[in-house]
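Pasting a structure here, questions to come.
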Amino acid sequence: MKRKFFAFIALITATLSLSSCLSSDETTVEYTHDTAITAFSLGSLDRYTKTKAGKDTLLKANVTGSDYKFYIDQVQRLIYNVDSLPAGTRTTAVLATITSKNSSPVILMHAKQTENLDSAAYYSSTDSINFSEPRFIRVYSSDYSAYAQYKVIVNVHKELPYEFKWHELAQNNSQLAAFSDLKAVACGDDIYVFGKTAEGTKVLKSAINDGSAWSSITMNESLSSDAYQSAVALDGKLYIADGGKVYASADAATWTVVSDNADIKQLIGASSKNLYAYTATGISVSEDKGANWKAEKLDTDKAYLPKQNISMNVAGVLSAKDVENVMLLGTRDKALKDTVATTWLRTVDYANEDGQWNYLEIENNKSGKMPWLDQVITCAADTGFVALGSNGKWYKSQNAGLTWKQDKMVVLPAKFATEGRFAFCRDNQHYYWIIRNGYVWRGRFNIDGWRSKED
């Protein structure tokens, strides 16, 4: 119900004047100017989304407003939600619960006439409020002689959480296109592409917030043509193996030898703490950034280790501290006529060094198999692992690589379908990168962008 506040305040003033004539044995009413909003929450909200069912169809759902915490900045007099409401949430008519200190009266200012008291209204928990744009509310002292004004902002996502968007950052880049094969490594705030050429391994770099401009890096070491396969990142540094030597670098330009070990044939990846490499006898691990190496246990003959398209990724175990699942996935030679990719798994308990690599033997009739592909590369994801295949399909696994299924939510760029080797990696902002034939694409799920802002 709207009120004419000027008249009301005049009435209050007159009442106070009369109170001075009351006898001393009458009760004296004291008023406080200590005003504040102490709590704010929303009730149930309607949400409308679209689904593809031959044609776009509106679906109605409910959002529990109380699940989204509102913060009250008493200095700036600002009320807002950090965790935005889902896209499609209707905020034009919302019930709100507003609590004030000392139960002081709360006034809802008009959306357009923010200073006009004649258009203001008393707040009621049973009256809906339009929060589609910022609103001002006032909390008055008990005698209406002072007030505090707050700005209320109800944030709503403009994007659907699991919509995936690709952005083309570069096309026909001659330097990238010149590589006969390549590997992308995300390290810090940069993307490095290690490429195979007739003159040896070359490196290009671009910032993760760019991707259009790529600079060639002059290295202090000459690396063989196949060294690009060994490029990995660990703890903000790059590592590569070549000719029995393991190198480390902070910028891909200056490389330092950290170990000279003829047994090391190829670096295959890293967990959050350790480096892993192929040796003549199987897999070895370094727990000190490549300086020293020791052999790992394998539960099956090393002949079952993948030799091509090798990628290693790690996922934490939520139920255990300092425990990770490490997955090694790749392919064996085509002549072996494998029908599925080769997968090895290792659970690493950093408090207990015991453990082994386990070969994932997949039966022909088992569902959820990763097919043998000319090229397949895996990346870590927030909910497991993802993989990109040369068949143009995007796969996901939510059980540490045990089973895979195509994620049809991700549609690859049309130009990806062309022939050619590709590189695939994920940066620290949750973006996935694809580099192929001089083209560069970067994309992520919208929800991953929201997580980045929260991080």
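Limited to segment 269-308, what total is found for residues that are in a strand (DSSP E or B) and over 34 Å from the mean Cα position of the chain (by Cα)?
Let us first name the residues in segment 269-308 that are in a strand (DSSP E or B), namely 269-270, 275-279, 282-286, 294-295, 298, 308.
Next, only the ones that are over 34 Å from the mean Cα position of the chain (by Cα) stay: 279, 282, 294-295.
Count: 4.
Are any of the residues in segment 36-45 within 16 Å of P134 (Cα to Cα), among the hydrophobic types (A, V, I, L, M, F, W, C) and modelled with pLDDT of 95 or more?
The initial filter retains those residues of segment 36-45 that are within 16 Å of P134 (Cα to Cα), namely 40-42.
Adding the requirement that they be among the hydrophobic types (A, V, I, L, M, F, W, C) leaves 40, 42.
Filter again for modelled with pLDDT of 95 or more, leaving 40, 42.
Yes: segment 36-45 contains one or more residues that are within 16 Å of P134 (Cα to Cα), among the hydrophobic types (A, V, I, L, M, F, W, C) and modelled with pLDDT of 95 or more.
Starting from segment 129-140, take each residue that is surrounded by fewer than 17 Cβ atoms within 10 Å (Cβ to Cβ) and among the acidic types (D, E) and list its partners that are in a strand (DSSP E or B) and modelled with pLDDT of 95 or more, counting only C-beta distances under 9 angstrom and pairs at least six apart or across chains.
Note: pairs meeting the criteria are E133/I153.
So Y439 clears everything in (1) among the hydroxyl-bearing types (S, T, Y); (2) touching a Gly at 6+ places or on another chain (Cβ under 9 Å); (3) more than 22 Å from E324 (Cβ to Cβ) except one condition, right? Which one?
Only one criterion in (1) among the hydroxyl-bearing types (S, T, Y); (2) touching a Gly at 6+ places or on another chain (Cβ under 9 Å); (3) more than 22 Å from E324 (Cβ to Cβ) is unmet by Y439, namely (2).
Also, I was wondering about something else. Considering only residues of segment 142-155 that are modelled with pLDDT under 90 and either exposed (fewer than 13 other Cβ atoms within 10 Å of the Cβ) or of a type in the set (S, T, N, Q) (or both), which is farthest from R90 (Cα to Cα)?
Across segment 142-155, the extreme among qualifying residues is S145.
Starting from segment 217-230, keep only residues that are within 29 Å of T331 (Cβ to Cβ) and assigned to a helix (DSSP H, G or I), then list their pairs with residues that are of a type in the set (K, R) and modelled with pLDDT of 95 or more whose Cβ atoms are within a distance under 9 Å, requiring at least 6 positions of separation or different chains.
A227/K196; Y228/K183; Y228/K196; Y228/K202; Q229/K183; Q229/K196; S230/K183; S230/K265
Kindly list, by first and then second residue, each pair from a residue in segment 166-182 that is assigned to a loop (DSSP other than H, G, I, E, B) to a residue that is surrounded by fewer than 16 Cβ atoms within 10 Å (Cβ to Cβ) and at pLDDT below 95, limited to pairs with Cβ atoms under 9 Å and residues at least 6 apart or on different chains.
Cβ pairs passing all conditions: Q171/K415.
Hey, among the residues in segment 73-89 that are surrounded by fewer than 16 Cβ atoms within 10 Å (Cβ to Cβ) and either within 13 Å of S132 (Cα to Cα) or hydrophobic (A, V, I, L, M, F, W, C) (or both), which one's modelled with the highest pLDDT?
L78
Considering each of T403, T347 in turn, give the residue that is among the polar types (S, T, N, Q) and either outside the structural domain of K307 (by TED's automatic domain parsing) or not in a strand (DSSP E or B) (or both). Working first, answer last.
Values: T347 fails: either outside the structural domain of K307 (by TED's automatic domain parsing) or not in a strand (DSSP E or B) (or both).
On inspection, the qualifying residue turns out to be T403.
So which residues in segment 245-268 are hydrophobic (A, V, I, L, M, F, W, C), under 16 Å from E287 (Cβ atoms) and not in a strand (DSSP E or B)?
Step one: of segment 245-268, the residues hydrophobic (A, V, I, L, M, F, W, C) are 246, 248, 250, 252-253, 255, 257-258, 262, 264, 267-268.
Next cut, under 16 Å from E287 (Cβ atoms) only: 246, 248, 258, 264, 267-268.
I264, the sole residue that qualifies.
What number of residues within segment 137-160 satisfy the criterion of being of a type outside the set (D, E, K, R) and not in a strand (DSSP E or B)? It would help to see each step written out before you state the result.
If we filter segment 137-160 for residues that are of a type outside the set (D, E, K, R), which is where we start, we get 137, 139-142, 144-150, 152-157, 160.
Filter once more, so that each one left must be not in a strand (DSSP E or B): 141-142, 144-146, 154-155, 157, 160.
Of the residues in segment 137-160, 9 are of a type outside the set (D, E, K, R) and not in a strand (DSSP E or B).
Give the residue, chosen from T126, T114, T97, T201, that is part of a strand (DSSP E or B) and exposed (fewer than 15 other Cβ atoms within 10 Å of the Cβ).
On the way: T126 fails: part of a strand (DSSP E or B); T114 fails: part of a strand (DSSP E or B); T201 fails: exposed (fewer than 15 other Cβ atoms within 10 Å of the Cβ).
The conditions single out T97.
Next up: Report yes if G65 is at pLDDT below 95 and on the phi > 0 side of the Ramachandran plot, otherwise no. Lay out the reasoning, then the answer.
Values: at pLDDT below 95: yes; on the phi > 0 side of the Ramachandran plot: no.
Considered against the rule, which asks whether it is at pLDDT below 95 and on the phi > 0 side of the Ramachandran plot, G65 comes out as no.
Conditions (1) in a loop (DSSP other than H, G, I, E, B); (2) of a type in the set (S, T, Y); (3) at pLDDT below 90, marked per residue:
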{"position": "K415", "(1), (2), (3)": "no, no, no"}
{"position": "G420", "(1), (2), (3)": "yes, no, no"}
{"position": "F424", "(1), (2), (3)": "no, no, no"}
{"position": "H430", "(1), (2), (3)": "yes, no, no"}
{"position": "V440", "(1), (2), (3)": "no, no, no"}
{"position": "I447", "(1), (2), (3)": "no, no, yes"}
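Could we say that R426 is touching a His at 6+ places or on another chain (Cβ under 8 Å) and of a type in the set (K, R) here? Can you show your working first?
Values: touching a His at 6+ places or on another chain (Cβ under 8 Å): no; of a type in the set (K, R): yes.
Considered against the rule, which asks whether it is touching a His at 6+ places or on another chain (Cβ under 8 Å) and of a type in the set (K, R), R426 comes out as no.
The values are calculated or read from the model by the stated rules, or taken from the named source; none is laboratory data. All figures in this text were calculated on a predicted structure; none of them were measured in a lab. FYI the Cβ positions are ideal-geometry reconstructions off the backbone, even for glycines, and counts take in every protein chain you see.
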